Each structure stands twice: as C-alpha cells, then as structure tokens.
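Before any comments, here is the structure.
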Amino acid sequence: MNIRAVNIGFGNVVAAARVVAVVSPESAPIKRLVQEAREGSRLIDATQGRRTKAVIVCDSGHIALSALQTETLAGRLNAKIFPVAERDDQAPEPPE
C-alpha cells in the first residue's frame, strides 16, 4: 500500500487521503473546532510557534494547524491526489 503524504510545513506531513478540508482559522466556528480538538487531545500543532494560517481537518477527527497558507496546502494536496502526467518525452509513441 502506497500512502501519499503532504508536507504541511517544517517537515511535518499528513496522509493526503485522510484530509477532509483545509480551512482558514479566522472564523468563530473554526476557532471552536480547534479549541474542542485541543481539549479532546486531537490537535496536532505543526506551526513551530508561528502564526496559524491554515487548519487541516482529517477524517479521524484530528485537527492539524499549519503555518502555511490554505492555498499552498490545497495546491500540494491537489498535486498528490491528481498527479501530473509523466513528461512528454517518456510518453509512448503515438501509432502511425
């Protein structure tokens, strides 16, 4: 089984298949979600003391905090879920 991991900053990774959402930490509902995860020991702080710029919600109920922008993480997740096709010079020759 091949598990695809996504770097969420400072060498910390999460399993791409387990990510449900990447959201901004600014709204009150997300702040409550983070606080509930902290109280329930389901919070993973991967910010290394920096400002939280993204909240990653996992299907296990765990919440990960990242110092990377939500757009950056979304791009990395898309690259893992929808990998870029192989280079053109490696593609098979078209039939003649």
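Tabulated data for the structure shown
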item: Restricting segment 26-71 to GluC sites (Glu not before Pro) in coil, as DSSP defines it, with at most 12 other Cβ within 10 Å; result: 26
item: Carbon plus sulfur fraction of accessible area for segment 1-66, probe 1.4 Å, in percent; result: 50 percent
item: Cleavage-rule hits (trypsin sites (Lys or Arg not before Pro)) in segment 14-72: DSSP loop, at most 13 neighbouring Cβ within 10 angstrom; result: 50, 51
item: Extended-chain gain in nm, criterion 0.36 nm per residue less alpha-carbon gap, residue 79 and residue 59; result: 5.2 nm
item: Rounded accessible area per residue of segment 1-60, 1.4 Å, Å²; result: 65 Å²
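The values are calculated or read from the model by the stated rules, or taken from the named source; none is laboratory data. What you are looking at is a predicted structure, and each value in this text was computed from that prediction instead of being measured. For neighbour counting, all protein chains shown are included, and Cβ atoms are generated from backbone atoms with ideal geometry for every residue, glycine included. SASA here: full protein model, heavy atoms, side chains in, ligands and nucleic acids out. Shrake-Rupley method; radii C 1.70, N 1.55, O 1.52, S 1.80 Å.
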